[in-house]
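Some notes on the structure that comes next.
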Amino acid sequence: MKRLNIALLSGGISSEREVSLAGGDQVFEALNKNKYQITRYDPKFDLSRLVADADDIDIALIILHGPNGEDGRIQGFLDLLCVPYQGSGVLGSALAMNKTVSKQIYEQVGLPVPQYRVMKKSDDILPEDVLETIGLPLVVKPVQGGSSIGMSIVKSGEDLAPAIKTAFACDDEILFEQYIKGVEITGSVLGNENLTALPIVEIIPDEIHGFFNYIAKYTPGAAKEICPARMDEALAEKAKNFAKIAHRALCCSDYSRTDMILSGEDIFVLETNTIPGMTSTSLLPLAAKTIGIQFDQLLDRLIELCLERSGNANLK
Ligand SMILES: Nc1ncnc2c1ncn2[C@@H]1O[C@H](COP(=O)(O)OP(=O)(O)O)[C@@H](O)[C@H]1O
Ligand SMILES: [Mg+2]
């Protein structure tokens with residue numbers, strides 16, 4: 001059987017470069033070398049080589065996060081090269097990357113979101129105004145970003161101005177969100193026409209990190225993940241359904257992971273990740289493992305889904 005030529009893309013130029021490189025290493029390790037011939041590309045250096053090799057590539061695996069990797073740009077680039085890739089296309093990637101647009105779409109399809117307000121660099125919104133409409137505590141975050149970079153939880157009025165500055169250092173548009181006290185959960189989905197929701201993962205950041213920030217996300221032991229989440233079954237079903245609704249509403253493909261907060265009986269949707277973390281201990285791989293899908297099998301599945309969708313299933 002002919003081995004599939006896989007272009008494994010990781011690295012890139014976003015602030016999540018290191019996370020992406022680590023994910024790329026683990027994906028490379030896990031991919032079955034009997035089935036796949038793998039060539040690695042770092043978009044920071046290797047775009048010309050990718051163009052030159054395009055005709056020989058069967059599928060690209062994009063293990064990139066944040067702007068330029070998860071926002072539709074690299075997806076559009078691969079579309080022009082006629083190289084199929086796993087996960088969402090240009091539209092789904094771009095919609096999900098923008099937390100304001102995602103929220104507007106969540107609201108339209110009836111998904112509950114924390115109360116929020118948007119601010120552009122050119123707006124002259126007064127911090128007092130924000131405090132009055134959203135109240136404390138509140139969360140300030142860049143509209144496009146990931147891994148909690150540029151994000152702050154503001155507990156007192158005097159911390160608001162520095163938090164705004166930090167977020168604007170990452171983006172020209174920022175969000176103020178009502179802080180939801182509760183349990184962090186995340187819902188992963190896998191599939192195309194038939195969408196499967198994986199078991200919900202519960203995330204418990206340790207006392208020091210307080211919320212699921214960059215360090216808590218990537219320091220082993222700084223957060224505890226429990227799957228399936230310890231929650232009422234009916235609520236877990238609701239969360240799974242929210243993850244499916246979010247995936248469809250944002251026009252995602254193949255897989256996605258929607259972050260939520262469970263507060264009492266209420267579930268609030270925060271955001272949808274179109275290229276969720278892909279180390280063997282990341283959240284979506286953990287959810288898959290809970291139902292018996294090992295990391296290498298998950299990668300096989302993503303490749304199959306991509307080939308089915310792009311009409312190249314005969315390559316298998
Ligand atoms: N409205 C909120 N209320 C409480 N915690 C929040 C809220 N928004 C974000 N957080 C915390 O910040 C983390 C990152 O936020 P998220 O919106 O998922 O962005 P990203 O993961 O893209 O950086 C969440 O996992 C959660 O710990
Ligand atoms: Mg998140």
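Please treat every number below as a calculation from the coordinates, not as lab data. The structure displayed is predicted, hence computed values, not measured ones. So basically every Cβ, Gly included, is an ideal-geometry build from the backbone, and we count neighbours across all protein chains shown.
May I ask which of 2/44; 120/141; 224/244; 35/240 have a Cα-Cα span longer than 21 Å here?
Among 2/44; 120/141; 224/244; 35/240, the Cα-Cα distance tops 21 Å for 2/44; 224/244; 35/240.
Exposed loop sites here are GluC sites (Glu not before Pro) in DSSP loop states with at most 14 other C-beta atoms within 10 Å. What is the longest stretch of the chain lacking them?
1-192
Rounded to the nearest 20 debye, what is the charge dipole size of the chain about its Cα centre when +1 sits on each Lys and Arg Cβ and -1 on each Asp and Glu Cβ?
720
What angle, in degrees between 0 and 90 and rounded to the nearest 10, separates the Cα long axis of helix 17-30 from the longest principal axis of the Cα atoms of the chain?
Helix 17-30 sits at roughly 40 degrees to that axis.
Give, rounded to the nearest 20 debye, the magnitude of the charge dipole that the stretch 4-86 has about its Cα centre when Lys and Arg contribute +1 at Cβ and Asp and Glu contribute -1 at Cβ.
Using Cβ point charges on Lys, Arg, Asp and Glu, the stretch 4-86 gives about 100 debye.
Along the charge dipole of the chain, which of 195, 67, 161 sits closest to the positive end, that is, farthest toward it, with unit charges on the beta carbon of Lys, Arg, Asp and Glu (+1, +1, -1, -1)?
Projecting each Cα onto the dipole axis, the largest value belongs to 195.
For a Förster distance of 41 Å, can you work out the FRET efficiency between the beta-carbons of residue 294 and residue 120, rounded to the nearest 0.05?
0.35
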